[in-house]
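Below you'll find the structure, written out as structure tokens, and then a few comments.
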Amino acid sequence: MGEKILMKGNEAIGEAAIRAGCRFYFGYPITPQSELTAYMAKKLLKMEDAAFVQAESEIAAINMVYGAAATGVRTMTSSSSPGISLKQEGISYIACAELPCVIVNMQRGGPGLGSIQPGQADYFQATKGGGHGDYHLIVLAPSSVQELVDLTMNAFDLADKYTNPVMILGDGLIGQMMEAVEFKERKKISLPDKERWALTGCKGREKNYIVPFNLDPYEMEKTNFKIQKKYNELKEKEVRYETINLDNADLIVVAYGTVARIIKTVIDNAKKEGINIGLIRPITLFPFPDKIIAETSEKINKFLVVEMSLGQMVEDVKLAVNGRVEVNFYGRVGGVIPTQSEILNEIKKYLK
Amino acid sequence: MKKVFERPKSLTKDPFTYCPGCHHGIAHRLVAEALDDFGVREKTIGVCPVGCSVFAYVFFDCDMICAAHGRAPAVATGIKKSKPDSIVFTYQGDGDLASIGTAEIVHAANRGENITVIFINNAIYGMTGGQMAPTTLVGQVTQTSPYGRDPKTMGYPIKVAEMLSTLKGVAYISRVALSKPAYILKAKKAIKKAFQTQVEGKGFSLVEVLSTCPTNWGLSPIEANKWLEENMIPYFPLGEFKTPEEVS
């Protein structure tokens, strides 16, 4: 057992990334994730064989990540909603070039400049591609600071394993919150060799080149098929979720991240009133845990999706249940966090 | 028999696909010769842009990556930070470097990134078929300045070498041309100095290369060389704008 440390979410990501071997961070200040950028500056600027750059823009930051990732090192950038929008072109290039990296989005209320309070309205952008072209990120959704730490470490392994960018999709609440965390010893896993593609200078080998384009449409189509194959593999092997109280539940709530945390309290409060609520909490938003949702919908016919958006993940839940049961939705947006009592009231509506 | 001329090792055997009379081929060769001269081919990583020279990755026989439009200096920054012992160069056109990528070039220069930038200024967008570039001359007709570039609404051509040489982080900047052998010899020297600056760890270096685009200028290769000398050089004067003492 390691030591427990009280840490703010944003700083915990930084520490987890460094412990996972990330030595190259490129970022731009934006609320509510700036503590992460500051943490990386404080640590990496004092380390050997490491670099921190405060980039001139979000666009430059993601392109620095593209360059560093191309040399085979573990690298990361982070931002919050409007900043992540700016990075989308670069993320599309990285996905097409099949390079590993980690991108953190501590979501805030949108659209536009929005607010600086927590939000979950970047779900579509994170899970459906975000930039141009057919690609996906691996999207991880932590709901506690400890999970933020664990998933950040996992993220680098997943990125290397699938040579695909991974997004940590948190929100301002998780980023700003302080909790006790433990940095657990990680078991070594074997990951694919990067030498075959990394740009390290062509000494003793043919040159390597990374070009995210092909003017021959049939060749470009092949690139697309190759990338899609990885997504199918992800759907087979990497789906993660948490379930609570699925047996005998009167109603199933599907929620992720901060909202799922609130639902856990709602479940306890509802129990006192004799109401049985179950929870499915997707941990991977892509690949999405559709099988467990489909299976559960064969047993329980009341579903409620709660998000800090006006209805984004609910579309994936509907696809998963495929019309078998009614899927209801409750959401607050713009930086507003739904309260336990308003969610419980909403649940009661469907149990009448 | 003594061999007096051969293909630089840093170029592949693939024939250039550039238009007849275009200067990209000469510029590629000069970069390759410089890499050969310093013996750094095996530790070089080149960054190609979006534009005609997006295909530079085919022609340079060293590790290469293609950046998004304008982002080559940021990509090069990421590479150099993670592989500080490598030699990193970007090869960018005027639309790429002086329009969509203005922020990236200014800040890479200002940070004094120890990279070399080869900036091809041919006063026009080549790949997309001849639109106005930030370096298009006043009065010059292009697809998007069909009545000539009017500075009242379109501004004046940007002098990249002069602008960047005001930045303290910059070590070496020069402007060269490739329209005649005497200029090519000077260009070779400048490109070599730029790479020497990097090899010696002295900081950011850039060579602005005035080049022709006969296809989009609507001129023959010979006429294009003449047009460059009569129109571009008077506005974009050749010479060194900044040198670290030791490489001057």
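Read-outs throughout are calculated quantities, based only on the coordinates presented, and are distinct from any laboratory measurement. All values derive from a computational prediction rather than experimental measurement. Note: ideal-geometry Cβ built from the backbone for every residue, glycine included; neighbour counts use all protein chains shown.
FRET efficiency for the pair A:E206 and B:T102, taken as 1/(1 + (r/R0)^6) with r the Cβ-Cβ distance and R0 = 51 Å, rounds to 0.90.
Quick one: angle between helix A:257-272 and the longest Cα principal axis of chain A, in degrees between 0 and 90, rounded to 10, please. Approximately 20 degrees, to the nearest 10. For region B:56-199, relative contact order (Cα pairs under 8 Å, six or more residues apart, normalised by length) works out to 18 percent. For A:L251, the residues whose modelled amide H falls within less than 5 Å of its own, excluding neighbours fewer than 5 places apart on the same chain, are A:G278. Explain nothing, just the number: relative contact order of chain A, from Cα pairs under 8 Å at least 6 residues apart, as a whole percent. For chain A, the relative contact order is 18 percent.
Here's how it looks for A:V104: its modeled amide H is under 5 Å from those of A:T77, A:S78, A:S79, A:I168, which are all 5 or more places away or on a different chain.
In this structure, the amide hydrogen of A:G334, modeled 1.01 Å from its nitrogen in the peptide plane, lies closer than 5 angstrom to those of A:G110, counting only residues at least 5 positions away or on a different chain.
How many angstrom lie between the C-alpha centres of region A:88-140 and region A:30-76? Here the two parts' Cα centres lie 17 Å apart. Among B:I87, B:I100, B:I118, the largest mean-square fluctuation in a Gaussian network model of chain B, built with springs joining Cα atoms closer than 10 Å, belongs to B:I100.
Within the listed set A:G21, A:G323, A:G172, the residue fluctuating most in the Gaussian network model of chain A (springs between alpha-carbon atoms under 10 angstrom) is A:G323. Each residue of region B:108-118 is assigned a 3J(HN,Hα), and the resulting list reads 5, 5, 5, 6, x, 4, 7, 10, 10, 10, 9 Hz, derived from the Karplus form 6.51 cos²θ - 1.76 cosθ + 1.60 (θ = phi - 60°), x at Gly and Pro. If you run the Gaussian network model on chain A, springs between alpha carbon atoms under 10 Å, then out of A:S92, A:S78, A:S341 the most flexible one is A:S341.
Which FRET efficiency value, to the nearest 0.05, do you get for B:T153 and B:V4 by plugging their Cβ-Cβ distance into 1/(1 + (r/R0)^6) with R0 = 51 Å?
It comes out at approximately 0.45.
Computed about its Cα centre, the charge dipole of region A:4-237 is approximately 520 debye, with only Lys, Arg, Asp and Glu carrying charge at their Cβ. Simple rule: put +1 on each Lys or Arg Cβ and -1 on each Asp or Glu Cβ in the protein assembly as shown, find the dipole, and look at B:S165, A:Y231, A:G129; the Cα lying farthest toward the positive end is B:S165. Computed from phi, the 3J(HN,Hα) profile of region B:70-86 under the Karplus parametrisation 6.51, -1.76, 1.60 (θ = phi - 60°) reads x, 9, 3, x, 6, 4, 4, 4, x, 5, 5, 5, 8, 10, x, 7, 7 Hz, with x in place of Gly and Pro. For trypsin sites (Lys or Arg not before Pro), the sites in region B:160-229 that DSSP calls loop and that have at most 14 other Cβ atoms within 10 Å are B:K168. Estimated purely from DSSP H runs of n ≥ 4, each contributing -39500 (n - 2.57), the mean residue ellipticity at 222 nm for chain A is -13000 deg cm²/dmol once divided by its residues.
DSSP beta bridges fully contained in region A:4-237 are about 25 percent antiparallel.
Here the 3J(HN,Hα) profile of region A:55-63, calculated from phi with Karplus coefficients 6.51, -1.76 and 1.60 at θ = phi - 60°, is 6, 6, 6, 4, 5, 5, 4, 5, 6 Hz, Gly and Pro shown as x. Computed from label points 7 Å out along Cα-Cβ, the spacing between B:E223 and A:L45 is 5.7 nm.
Suppose we keep just the DSSP beta bridges with both residues in the protein assembly as shown; what percent of those would be antiparallel, to 5?
Of those bridges, close to 25 percent are antiparallel.
Loop-located GluC sites (Glu not before Pro) across region A:168-263 with a Cβ neighbour count of 12 or fewer within 10 Å are A:E185, A:E195, A:E206, with loop assigned by DSSP. The angle between the Cα long axis of helix A:340-351 and the main principal axis of chain A comes to about 60°, on a 0 to 90 degree scale.
Mean partner shielding of peptide B:40-48, defined as the number of other chain Cβ atoms within 10 Å of each residue Cβ, is 5. Calculated FRET efficiency, A:T31 to B:V58, Cβ-Cβ distance, R0 = 30 Å: about 0.10 to the nearest 0.05. The GluC sites (Glu not before Pro) of region B:130-215 that DSSP puts in a loop, and whose beta carbon has at most 14 other beta carbons within 10 Å, are B:E200.
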